[in-house]
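Novice: Sending over a structure as structure tokens; questions will come in a sec.
Quick note: the coordinates plus some simple rules give every number you see, no bench work behind them. Keep in mind that what you see is a predicted model, and the values were worked out from it rather than measured. Note: ideal-geometry Cβ built from the backbone for every residue, glycine included; neighbour counts use all protein chains shown.
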Amino acid sequence: MTHNELWTAIINVANWRHVSCSGLARMAGLDSTTFNKSKRFNKYGQPHWPSTYTLACVLDATGLTLAEFAKFLPHDKPNR
């Protein structure tokens with residue numbers, strides 16, 4: 001799983017719940033800016049990965065299991 005794939009899965013979960021990324025964050029009891037594009041990389045351009053706590057909050061709020069969340073990952077894998 002890549003950084004981009006994980007963020008895409010979070011976006012896909014938000015779309016599935018018919019909310020914005022900010023709405024998903026609020027639903028999960030997180031700051032509404034948690035999933036903003038500006039927070040996906042630090043000021044040096046290094047990827048910022050969501051914490052396991054953040055993912056656990058999203059799973060709890062949406063009722064998804066980790067296996068179900070994985071289904072929201074992009075399916076088209078480029079050759080590596």
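Novice: Can you confirm whether THR52 is among the β-branched types (Val, Ile, Thr) and touching a residue at least 12 places away in the same chain (Cβ under 8 Å)?
Specialist: no
Novice: Ok, one more. Would you be able to say whether some residue in region 59-72 is under 13 Å from THR8 (Cα atoms) and free of Cβ contacts under 8 Å to residues at least 12 places away in the same chain?
Specialist: Yes; the residues of region 59-72 include at least one that is under 13 Å from THR8 (Cα atoms) and free of Cβ contacts under 8 Å to residues at least 12 places away in the same chain.
Novice: Filter region 3-30 for residues that are part of a loop (DSSP other than H, G, I, E, B) and either touching a residue at least 60 places away in the same chain (Cβ under 8 Å) or surrounded by 13 or more Cβ atoms within 10 Å (Cβ to Cβ) (or both) and give the result.
Specialist: Residues satisfying the conditions are ARG17, VAL19, SER20, ALA28, LEU30.
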